[in-house]
Amino acid sequence: DETRYFFMYKCFHCSITLTLHAGRLNVDIIRAKQLLQTDMCQGSDPFVKVQLVTGLKLMKTKKTSCMRGTIDPCYNESFNFRVPQEELCEVSLVFTVYGHNVKSSNDFVGRIVIGQFSTGPQETAHWRRLLGSQRTPVEQWHSLRSRAECDRVSPASLEVT
């Protein structure tokens, strides 16, 4: 139902596949739409940082490539995270979109958290659907949130940079 989300501001599309017997979460970063333009001269240069948090400990960080000069990037990049079955109930995936900035630190665009410390009902629903469908990709669009909002509702957001 892509058209429903097309006009939403700062949207992010991802797919997650759970393979319990292999102890693996596969995360596909598909694309984003209507991101903030972080560079006034050349458009935005967005990338996505995906961070695995178990309990309140940052375990692993992975990053997409930077898409130059667009606010509607298509990534189609996959990442695997090893997650033992007994730790699955404590897992959160933190997705943060940044605009690449060569002159200073990267510009924060938006964030969501999916998992134990989800940032809202959309993210909670995505996680619940994932837990009920092993080895089947579960795709969903999400509206990116501010850092302050994520930090307020998700302890996992506080554990990442």
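The values are calculated or read from the model by the stated rules, or taken from the named source; none is laboratory data. These numbers come from a predicted model, not from an experiment. Glycine also receives a Cβ, built like all others from the backbone with ideal geometry; neighbour counts cover every protein chain displayed. Heavy atoms of the whole protein, side chains included, go into the accessibility calculation; ligands, DNA and RNA do not. Shrake-Rupley method; radii C 1.70, N 1.55, O 1.52, S 1.80 Å.
Within the set Lys60/Lys103; Lys10/Lys49; Lys33/Lys60; Lys33/Lys63; Lys33/Lys57, which residue pairs have Cα atoms separated by over 22 Å? Can you show the working numbers first?
Values: Lys60/Lys103 26 Å; Lys10/Lys49 15 Å; Lys33/Lys60 26 Å; Lys33/Lys63 18 Å; Lys33/Lys57 30 Å.
Beyond 22 Å between Cα atoms: Lys60/Lys103; Lys33/Lys60; Lys33/Lys57.
Trypsin sites (Lys or Arg not before Pro), restricted to segment 66-123: which are DSSP loop and have at most 14 other Cβ atoms within 10 Å? Present the calculation step by step, with values, prior to reporting the outcome.
On the way: sites: Arg68, Arg82, Lys103, Arg111; in loops: Arg68, Lys103.
In loop regions of segment 66-123 (DSSP not H, G, I, E or B), the sparsely surrounded trypsin sites (Lys or Arg not before Pro) are Arg68, Lys103.
Report, in whole Å, the centroid distance computed from the Cα atoms of segment 105-161 and segment 43-101. Rounded to whole Å, the Cα centres lie 10 Å apart.
Less than 9 Å Cβ to Cβ from Gln34, Lys/Arg counted +1 and Asp/Glu -1: what total charge do the surrounding residues give? Don't jump to the answer; show the numbers that get you there.
Details: positive: Lys10, Lys33; negative: Asp72.
Neighbour charge sum, excluding Gln34 itself: +1.
Computed with a 1.4 Å probe over protein heavy atoms only, the accessible area of Cys66 comes to about 40 Å².
Based solely on its DSSP helices, what 222 nm [θ] is calculated for the chain when runs of n ≥ 4 H residues each add -39,500 (n - 2.57) and the sum is averaged over all residues, nearest 500 deg cm²/dmol? List each step's numbers first, then the result.
Numbers: 4 runs with 27 residues, N = 161.
Rounded to the nearest 500, it is -4000 deg cm²/dmol.
Exposed loop positions in the chain were taken to be chymotrypsin sites (Phe, Trp or Tyr not before Pro) whose DSSP state is not H, G, I, E or B and which have at most 12 other beta-carbon atoms within 10 angstrom. Between these positions, the longest stretch is 10-161.
Extension gain for the segment Leu20 to Val102, taken as residue separation times 0.36 nm less the Cα-Cα distance, is 25.5 nm to one decimal.
Counting only the backbone N, which residues of segment 86-101 are under 15 Å from the spot 7 Å out from the Cα of Lys57 toward its beta-carbon? So the set is 86-92.
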